[in-house]
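Engineer: One structure is given below, represented as structure tokens, and several questions about it will come after.
The values are calculated or read from the model by the stated rules, or taken from the named source; none is laboratory data. Treat the numbers as computed from the prediction; the structure is a model and nothing was measured. Cβ placement follows ideal geometry from the backbone for every residue including glycine, while neighbour counts extend to all protein chains displayed. Accessible surface is based on the protein model in full, side chains and every heavy atom, while ligands, DNA and RNA are left aside. Shrake-Rupley method; radii C 1.70, N 1.55, O 1.52, S 1.80 Å.
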Amino acid sequence: MNALILAADDISVAQNVGFGIIAALMIFAALSVVSSKNVVHAALWLVVVLAGVAAQYILAAAEFVAVSQVLVYIGAVMVLFLFGIMLTRAQIGKEPGLNNTGWALGIPVAVVLFGLLAWVIIDQFGDDVLPDRGPTPTVLLSDQFLSIYIIPFFALAFVLLAAAIGAIVLARKD
Amino acid sequence: MLAVNFLLLAAALFCIGVYGVIARRNAVMVLMSIELILNAVNLNLIAFALMTGAVDGQVFALYVIAIAAAEVGVGLAMVLMIYRNRKSIALDELSEMKG
């Protein structure tokens, strides 16, 4: 449990401060996503969470993943979500009935789950310090993709093709 | 930076996403909560990649991003189809398959 004490004196303070600010913003935005009464606002808060995740990737020296996160999530997935919202509802503004009748059940489930996870994480990784590494060369990533992970790579390409065709077939009118 | 920072942030995001999946009735909102969960897992993968110094974690994170994109595409197509057939995307009304 000395993690919190260690956090201040260990390594680069600026990194920790940046992490804390972005993390607080992300938690607030995530809570807004699951509690907003307006679907469009929830989607826009989700953009904040995804951008925060991309910023954390940069702090964790994973630049290529951060750029992919911005391209795929903020660029493509959010547009899909906004289209989905626009195509499935008529009015803009607050909408009643976004929650289930038993929505309060989710609070104890989430709190207990977080307690368990936090206990396990602090017990196992309480004192581990992340090493200060420079940016990951993208060459390393591409070497992995095209050598030992080549079969999953092709499988992934096939999955994306199947998903695109499936989405078109499902969404067609006739 | 400490490993627990990343891991606790990811755990918090994961639990918020689980709450959203349980509490929300609108199908699009449930898909958004699933995105929160997937991003929490990606944060863990990146943190462990940084901890071990191997890039395998980043490779897995990229796979998860691609799979998530496919999942959202298919999921929203299904939501659109449900909306077209029923004029509603409330998940608790979809009970035809209940035994």
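Engineer: Please tell me the relative contact order of chain A in percent, rounded to the nearest whole number, where contacts are Cα pairs under 8 Å and at least six residues apart.
Structural biologist: This gives 22 percent for chain A.
Engineer: Based on the alpha-carbon gyration tensor of chain A, what equivalent-ellipsoid semi-axes (square roots of 5 times the eigenvalues) come out, in whole Å, largest first?
Structural biologist: Calculated on Cα positions only, the semi-axes equal 33, 27, 16 Å.
Engineer: Out of the total accessible area of the range A:38-149 (probe 1.4 Å, heavy atoms of protein only), what percent is carbon and sulfur?
Structural biologist: 74 percent
Engineer: Right, here's the next one. Quick one: which residues, 5 or more positions from A:N99 or on another chain, have an amide H under 5 Å from its amide H? H modelled 1.01 Å from N in the peptide plane, none for Pro or chain starts.
Structural biologist: B:R25
Engineer: Once ligands and nucleic acids are excluded and a 1.4 Å probe is used, how much of A:D123 is accessible, expressed in Å² to the nearest 10?
Structural biologist: That residue has around 120 Å² of solvent-accessible surface.
Engineer: Here is a further query. With a 10 Å cut-off between alpha carbons and a GNM built on chain B, which of B:L36, B:L76, B:L13 moves the most?
Structural biologist: B:L76
Engineer: With all protein chains present, calculate the accessible area of A:W103 using a 1.4 Å probe and round the result to the nearest 10 Å².
Structural biologist: 100 Å²
Engineer: Another question, if that's okay. For a test of the definition: using alpha carbon positions, the gyration tensor, and the 1.5 limit on a/c, classify the range A:94-174 as rounded, prolate or oblate.
Structural biologist: oblate
Engineer: Moving on to the next point. Going by the alpha-carbon gyration tensor, a ≥ b ≥ c the square roots of its eigenvalues, is chain B rounded (a/c under 1.5) or, if a/c is not under 1.5, prolate (a/b greater than b/c) versus oblate?
Structural biologist: In terms of gyration-tensor shape, prolate.
Engineer: Would you mind working out the accessible area per residue for chain B, using a 1.4 Å probe, and quoting it in Å²?
Structural biologist: That works out to 35 Å² for each residue.
Engineer: Within straight cross-link reach of A:K173, meaning Cα distance under 30 Å, which lysines are found once same-chain residues fewer than 8 apart are removed?
Structural biologist: A:K94, B:K87, B:K98
Engineer: Residue by residue, what Karplus-based ³J(HN,Hα) values in Hz, rounded to whole numbers, does the range A:131-139 have, using 6.51, -1.76 and 1.60 with θ = phi - 60° and x for Gly and Pro?
Structural biologist: Going residue by residue, I get x, 8, 10, x, x, 6, x, 5, 4 Hz, with x marking Gly and Pro.
Engineer: With a 1.4 Å probe and all protein chains kept in place, how much accessible area does B:K87 have, in Å² rounded to the nearest 10?
Structural biologist: 140 Å²
Engineer: A further question follows. Which residue, B:T52, B:M29, B:L7, has the largest displacement toward the positive end of the dipole of the range B:2-88 when charges sit on each Cβ (Lys, Arg +1; Asp, Glu -1)?
Structural biologist: B:M29
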